[in-house]
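A short worksheet on the structure shown next.
Nothing in this text is a laboratory measurement; each read-out follows from the coordinates by a stated rule. Since we're looking at a predicted model, the values are computed, not measured. Neighbour counts are summed over all protein chains in view; Cβ atoms, including those assigned to glycine, are modelled from backbone coordinates with ideal geometry.
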Amino acid sequence: MEGFQFIDVILLAMVAGFLILRLRSALGRRTGHEQGRDGFDQGDNVVNLPTRPSLDSDTPPARDIDPAYVGTPFEEGLTQMTLSDPNFSAEDFLIGAGKAFEMIVLAYADHDTDTLKPLLSDDVYSNFATAVQDREDRDERMETELVVIKPSKFEDISVQSRVATIAVRFESEQVNVIKDAEGEIVDGDPEHIESVTDIWTFERDLANTDPNWQLVATRSVD
């Protein structure tokens with residue numbers, strides 16, 4: 001009997017070892033040297049998805065947001081974003097929004113509608129394209145210099161029905177001049193630096209695999 005018990009122990013150990021190897025193969029192995037962030041570990045392609053609480057638990061979902069936003073009006077929106085998209089980074093979004101702001105402003109001034117179209121919603125693109133066409137009809141050109149662009153800030157964040165909407169405040173100092181066909185200034189002053197505050201609203205369908213955001217609304221703050 002003792003001999004059979006010993007064999008049973010060996011068989012159980014072999015089965016346990018096999019299961020451990022299969023689990024390590026399926027889930028990936030962490031070495032402690034991976035450099036990951038925002039829920040994504042680049043080493044071994046391990047993705048840490050946000051966990052959901054059990055049905056009989058009062059523990060709220062894990063919140064992985066920048067501590068600077070905890071206790072602010074943006075905490076709830078950022079929490080929804082990180083739960084819907086674990087790769088979302090508030091810092092990276094604001095940096096990207098700042099680059100988009102610069103690209104769109106300069107493309108608009110340069111009548112570059114090809115650059116504008118994929119970045120804007122249909123309605124916003126229509127408004128921008130109409131203004132560009134009006135300048136071209138008058139044979140005018142716009143010259144814009146972004147002297148200073150301050151770090152962008154969140155104005156509002158929400159997620160409704162898997163659609164993320166983020167409003168961003170941009171504060172910049174600009175020089176804007178419009179010239180006619182002869183190069184004469186018809187509007188603006190090349191020596192005047194204007195302080196401009198804009199609120200731009202970006203949207204993204206989180207159910208879509210396309211990671212790009214679109215500008216859906218703009219307004220200026222006097």
### Query
Dipole size in debye (nearest 20) for segment 73-221 around its Cα centre, Lys and Arg Cβ +1, Asp and Glu Cβ -1?
680 debye
### Task
Would you be so kind as to identify which of VAL177, SER126, LEU78 lies farthest towards the positive end of the dipole of segment 73-221, taking Lys and Arg as +1 and Asp and Glu as -1 on Cβ and the Cα centre as origin?
LEU78
### Task
Write down, largest first, the equivalent ellipsoid semi-axes of segment 73-221 in whole Å, where each equals the square root of 5 times an eigenvalue of the alpha-carbon gyration tensor.
32, 17, 11
### Task
Show the residues, 5+ positions off or on another chain, whose built amide H is closer than 5 Å to the amide H of ALA217.
THR201
### Query
Expressed as a rounded percentage, what relative contact order does segment 73-221 have, with Cα pairs under 8 Å and six or more residues apart?
22 percent
#### Entry: Order by protection proxy (mean Cβ within 10 Å, highest first), peptides 95-103, 139-147
95-103, 139-147
